[in-house]
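A short worksheet on the structure shown next.
The values are calculated or read from the model by the stated rules, or taken from the named source; none is laboratory data. Quantities reported herein were computed from a predicted structural model and do not represent experimental measurements. Methodologically, a virtual Cβ is constructed for each residue, glycine included, from the backbone with ideal geometry; neighbour enumeration extends over all protein chains shown.
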Amino acid sequence: MIDDLRAAFSGRVLTHADDVAPFLTDWRKLWTGKALAVAQPDTPQDVAKAVKWCAARGVPIVPQGGNTGMSGGAAPDGGGTAIVLSLARLNKIRHVDPVGNTLTLDAGCILSHVQETAAAHDRHFPLSLAAEGSCTIGGNLATNAGGTAVLRYGNARDLCLGLEVVTADGEIWDGLRGLRKDNTGYDLRDLFIGSEGTLGIITGAVLKLFPKPAAKVTAVLAVESPAAALALFAKARAGLDTGLTAFELFSDACLALVLDHFPAARRPVESRSPWYVLMELTDMNSEAAARGALQALLESAFEDGLVTDGAIAGSIAQSRAFWALRENIAEAQGAVGKTIKHDISVPIWRIADFVAEADAAVAAAYPDFRFVTFGHLGDGNLHYNFSPAPGADQAAFYAEQDRLNRITHDLVRKHGGSISAEHGLGVLRRDEADRFRSDVERRMMRAIKAALDPRGLMNPGKVLP
């Protein structure tokens, strides 16, 4: 059977246990499955041939990019009947249009390579996240990834103009139209973005590029509370407008984790504070203009009592060091042991109320749990996470995940939010998301799945129960 698969397309088919193992376990090491083999096609046409082979035999397909997901969406189940279809070898840049500001590429291209390609053409591709050195564009689009620049540029969906997709029956839909305006029917592109490989396999994309900023200036500011951070955000948005690229929030507990587990990390401001804001301003004219605008904003924020301390990066190296404090939080938390994570969003103006209410509810139920709260305050996305108390039983802590989810997610719903902001549903949030769906929403989603994947072979068990 596997020999037939090898003969069906060009590329690699991995079957040896040591070769297959890295593709069977997710990044968080929470899900480990089994697979018949790992297929690594060389071209979109090869992907189509592999899918046709699977469709003819009723073999499930689990698409996989960089395998950096947080919700188990790219891991096979334990049945051992599926093929993991890795897009790692589809890594070609197809075309760069610096006039139309578009970049056409294979879905297996690594995000950092995309950023570098744009920069080589004096353009900017703004999608940026901690896993950018290993995550792929196909995975970013399949999960509608967010990252640190959503405030100004939007999610992955907002950065994509067109797609190439292999359907569940092995046909190739060529939607690689780099058009800013195209009203010719249902938006198939948006149907596949965020679908986590359950409707088809993204093999190529046309991405938006932007003029390269003349300067970026980063600051870390100490604030007393999420409410103060929100007031500062409102002031920054009014004063800096679209120049405000990022506005991140993290607690002192988060900073302490990073300082403990990353020897090169340094406290960014002299005085310790309950909360910190990382703010980035970009300017199309000059660094002097960006620095002057940010300095004026901070002086006003100090006068208003919104900020208690602060530091503006004086160099590119210091700016990177500031960003590392924010981006290394997840890894530092993982170094402590088991974690319970929530990737939630609420309307920005309700974030402070949500945090206060959720903190009180969780503390009442679990007074020893450690809060690890951080996220993209500027777009309403918080990573509302927990770790066990030092020396606590890790298994007992993790056993409380369902109850803790219920407390957190019910409050997210109360405040008009979503239980999955940028990580996707995968298997982690699949059933929990269904709990909040209306009957009409559930029927529409199942109808779409049945229409595009009637045999249920595309990434089964993900997104929908």
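Entry remark, the range 382-417: residues being surrounded by 14 or more Cβ atoms within 10 Å (Cβ to Cβ), touching an Asp or Glu at 6+ places or on another chain (Cβ under 9 Å) and small (Gly, Ala, Ser) number 1 in total. Applying the selection to the range 436-449, what residues are surrounded by 13 or more Cβ atoms within 10 Å (Cβ to Cβ) and either on the phi > 0 side of the Ramachandran plot or among the charged types (D, E, K, R) (or both)? The answer is ARG437, ARG442, LYS449. Within the range 442-459, the set of residues being more than 24 Å from the chain's Cα centre (by Cα) and in a loop (DSSP other than H, G, I, E, B) comprises ASP453, PRO454, ARG455, GLY456, LEU457. In the set (1) farther than 30 Å from GLY108 by Cβ; (2) surrounded by fewer than 23 Cβ atoms within 10 Å (Cβ to Cβ); (3) in contact with a strand residue (DSSP E or B) (Cβ under 9 Å, 6 or more places away or on another chain), ASN183 fails one condition alone, (3).
To keep it simple, each residue is scored yes or no on (1) buried (at least 22 other Cβ atoms within 10 Å of the Cβ); (2) among the aromatic types (Phe, Trp, Tyr); (3) assigned by TED's automatic domain parsing to the domain that holds ASN140.
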position: VAL20; (1), (2), (3): no, no, no
position: ASP46; (1), (2), (3): no, no, no
position: LYS49; (1), (2), (3): no, no, no
position: ALA56; (1), (2), (3): no, no, no
position: ILE61; (1), (2), (3): yes, no, no
position: GLY108; (1), (2), (3): yes, no, yes
position: HIS113; (1), (2), (3): no, no, yes
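Evaluating PRO347 against the criteria (1) more than 30 Å from PHE436 (Cβ to Cβ); (2) surrounded by fewer than 15 Cβ atoms within 10 Å (Cβ to Cβ); (3) in contact (Cβ under 8 Å) with a residue 60 or more places away in the chain; (4) under 22 Å from the mean Cα position of the chain (by Cα) leaves one unmet condition, (1). Any residue that is touching a residue at least 24 places away in the same chain (Cβ under 8 Å), outside the structural domain of ASP309 (by TED's automatic domain parsing), within 13 Å of the chain's Cα centre (by Cα) and part of a loop (DSSP other than H, G, I, E, B) - is there at least one of those in the range 155-171? Taking every residue of the range 155-171 in turn, at least one turns out to be touching a residue at least 24 places away in the same chain (Cβ under 8 Å), outside the structural domain of ASP309 (by TED's automatic domain parsing), within 13 Å of the chain's Cα centre (by Cα) and part of a loop (DSSP other than H, G, I, E, B). Apart from one condition, GLY66 fits all of (1) closer than 26 Å to GLU171 by Cβ; (2) among the small types (Gly, Ala, Ser); (3) in the same structural domain as VAL114 (by TED's automatic domain parsing); the exception is (3). Screening LEU103 with (1) part of a helix (DSSP H, G or I); (2) at pLDDT 95 or above; (3) more than 17 Å from GLY200 (Cα to Cα) gives one miss only, at (1). Of the numbered conditions (1) within 18 Å of the chain's Cα centre (by Cα); (2) free of Cβ contacts under 8 Å to residues at least 60 places away in the same chain; (3) in a loop (DSSP other than H, G, I, E, B), THR198 fails exactly one; give the number of that condition. Among (1) within 18 Å of the chain's Cα centre (by Cα); (2) free of Cβ contacts under 8 Å to residues at least 60 places away in the same chain; (3) in a loop (DSSP other than H, G, I, E, B), the lone unmet condition for THR198 is (2).
When ILE316 is tested against the conditions (1) of a type in the set (A, V, I, L, M, F, W, C); (2) touching a strand residue (DSSP E or B) at 6+ places or on another chain (Cβ under 7 Å); (3) under 21 Å from GLY147 (Cβ atoms), the lone failure is (2). Taken together, the criteria place THR184 among residues that are hydroxyl-bearing (Ser, Thr, Tyr), without any contact (Cβ under 8 Å) to a residue 40 or more places away in the chain and more than 26 Å from VAL62 (Cα to Cα). Out of VAL114, VAL150, one residue alone is closer than 27 Å to PRO41 by Cα and of a type in the set (A, V, I, L, M, F, W, C). It is VAL114. Residues that are closer than 18 Å to LEU103 by Cβ and over 10 Å from the mean Cα position of the chain (by Cα) were ranked within the range 143-154; the one that is surrounded by the fewest Cβ atoms within 10 Å (Cβ to Cβ) is GLY154.
Do the conditions hold for GLU132, that is, is it without any contact (Cβ under 8 Å) to a residue 60 or more places away in the chain, assigned to a loop (DSSP other than H, G, I, E, B) and not assigned by TED's automatic domain parsing to the domain that holds THR15? Judged against the criteria, GLU132 is a match.
Those strands (runs of 3 or more DSSP E) of the range 228-341 in which 2 or more residues are surrounded by 22 or more Cβ atoms within 10 Å (Cβ to Cβ) occupy 244-251, 275-283.
Taken together, LEU24, LEU85, LEU36, LEU5 contain a single residue that is over 24 Å from the mean Cα position of the chain (by Cα), crowded, with 19+ Cβ neighbours inside 10 Å and within 21 Å of VAL427 (Cβ to Cβ), which is LEU36.
Across the range 59-116, the number of residues qualifying as without any contact (Cβ under 8 Å) to a residue 40 or more places away in the chain and of a type in the set (Gly, Ala, Ser) comes to 1. Among the residues making up the range 33-49, those that are in a helix (DSSP H, G or I) and under 10 Å from SER10 (Cβ atoms) are GLN45, ASP46, LYS49.
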